[in-house]
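What follows draws every value from the coordinates through simple rules; no lab data is involved. Fair warning: this is a prediction, and the values are worked out from it, not measured in the lab. When we count neighbours, we look across all protein chains shown, and the Cβ atoms used for this are built from the backbone with ideal geometry, even at glycine.
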Amino acid sequence: MKLNQRGLLIVISGPSGVGKGTVRRALFNMTNHNLVYSVSMTTRPPREGEVDGRDYYFVDRESFEQSIKEKRFLEWAEFVGNYYGTPIDKVEEMLNKGKEVVLEIEVEGALQVRERMKDAVFIFLVPPSKKALYDRLVERGTENKELIDKRFQKAEKEFKLAYKYDYIVVNDDVNNAADRIMAIIRAEHARTERTIHNYLKMLEE
Ligand code: 5GP
């Protein structure tokens with residue numbers, strides 16, 4: 001008996017620099033899962049090593065704004081001077097194929113998804129301390145001092161929105177954080193409201 005048909009939408013969010021990308025990669029490296037990553041569109045320039053179509057779809061502001069007009073995003077937000085958004089068509093296609101679709105997005109966008117996709121699962125990733133977050137933004141070395149400070153100020157605001165999420169996961173260690181997220185996904189699958197419909201159908205057969 002297959003209890004779940006449509007896939008789960010999993011939103012991983014949290015302040016910039018908390019390690020969402022690293023934790024997501026550790027999650028995807030685990031075996032025995034059905035996860036797919038939703039590649040976002042952004043107007044931010046690529047960082048060294050980033051690949052178009054794998055890390056992001058890198059576009060200019062004009063095409064991004066065109067996509068907003070055409071309502072092609074499940075959500076979008078402006079973050080420290082750049083646009084970021086989740087193309088909706090792929091997400092729907094993957095969910096309909098029964099895949100677990102992972103979004104890795106900032107808080108404002110996550111709250112838009114909350115409004116539109118009532119059965120999505122929202123996970124807020126937090127650093128073990130504020131200092132750890134600041135140090136991580138500096139160590140990452142992908143932004144200059146001014147941008148690091150802007151991202152940190154933004155993080156201070158984002159911290160306050162954790163209560164809007166279903167789960168809070170501390171990224172004290174990448175593999176532990178990925179393990180906790182996998183445990184959440186597995187538990188969410190077994191939730192009665194996700195399975196009861198098909199279960200009752202099975203009883204009638
Ligand atoms: P970064 O420039 O560091 O790659 O991303 C900046 C922030 O934007 C991060 O918090 C990242 O999770 C978030 N982000 C990435 N893609 C999206 C998206 O499609 N929508 C939203 N709302 N945020 C995104």
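When only C-alpha pairs under 8 Å and at least 6 residues apart count, what is the relative contact order of the chain, in percent?
Result for the chain is 34 percent.
Considering only DSSP beta bridges with both partners in the chain, what is the antiparallel share in %, to the nearest 5?
30 percent
Show me the trypsin sites (Lys or Arg not before Pro) within segment 1-106 that DSSP assigns to loop and that have at most 15 other Cβ atoms within 10 Å of their Cβ.
Loop-located and lightly packed - Lys2, Arg6, Arg47, Arg54, Lys71, Lys97.
State, to one decimal in nm, how far the label point of Lys71 lies from the label point of Ala190, with both points 7 Å from Cα in the Cβ direction.
4.0 nm
Count neighbours as other Cβ atoms within 10 Å of each site's Cβ, and list the trypsin sites (Lys or Arg not before Pro) in segment 132-203 that are DSSP loop with at most 10 such neighbours.
Lys160
Give me the one-decimal nm value for the distance between modelled label points at Asp179 and Lys201, 7 Å along each residue's Cα-to-Cβ direction.
About 3.6 nm separates the two model spin labels.
If the only charges are +1 at each Lys and Arg Cβ and -1 at each Asp and Glu Cβ, what is the size of the charge dipole of the chain around the Cα centre, to the nearest 20 debye?
320 debye
Would you kindly state how much longer the chain becomes between His33 and Asn82 on full extension, computed as 0.36 nm times their sequence separation minus their alpha carbon distance, in nm to one decimal?
Gain on extension, His33 to Asn82, equals 14.4 nm.
Which lysines have a Cα less than 28 Å from the Cα of Lys130, not counting those fewer than 8 places away in the same chain?
Within the straight-line limit of under 28 Å, Lys130 reaches these lysines: Lys20, Lys145, Lys150, Lys154, Lys157, Lys160, Lys164.
Between Asp149 and Gln5, what is the spin-label point distance in nm, taking each point 7 Å from the Cα along the Cα→C-beta axis?
5.6 nm
Remind me, relative contact order of segment 111-205 in percent, using alpha carbon pairs under 8 angstrom and six or more residues apart?
In percent, rounded to a whole number, it is 35.
Could you calculate the contour length gain from Lys157 to Arg54, that is, 0.36 nm times the residue separation minus the distance between their Cα atoms, to one decimal place in nm?
Length gained, Lys157 through Arg54: 34.2 nm.
For helix 20-29, what angle does its Cα long axis make with the longest principal axis of the chain, in degrees from 0 to 90 and rounded to 10?
Helix 20-29 and the main axis of the chain meet at about 40 degrees.
Determine how many Å³ per residue the convex hull of the Cα atoms of the chain encloses.
Expressed per residue, the convex hull around the Cα atoms of the chain is 126 Å³.
Of the candidates Ala155, Ala178, Ala187, which one comes out as most mobile in a Gaussian network treatment of the chain with C-alpha springs shorter than 10 Å?
Among Ala155, Ala178, Ala187, the largest mean-square fluctuation in the Gaussian network model of the chain belongs to Ala187.
Using just the helices of the chain, give the 222 nm mean residue ellipticity in deg cm²/dmol: DSSP H runs with n ≥ 4 each add -39,500 (n - 2.57), and the total is spread over all residues, rounded to 500.
Using -39500 (n - 2.57) per qualifying helix, the result is -14000 deg cm²/dmol.
What FRET efficiency, computed as 1/(1 + (r/R0)^6) with R0 = 35 Å and r the Cβ-Cβ distance, is obtained for Lys164 and Ser63, rounded to the nearest 0.05?
About 0.70, to the nearest 0.05.
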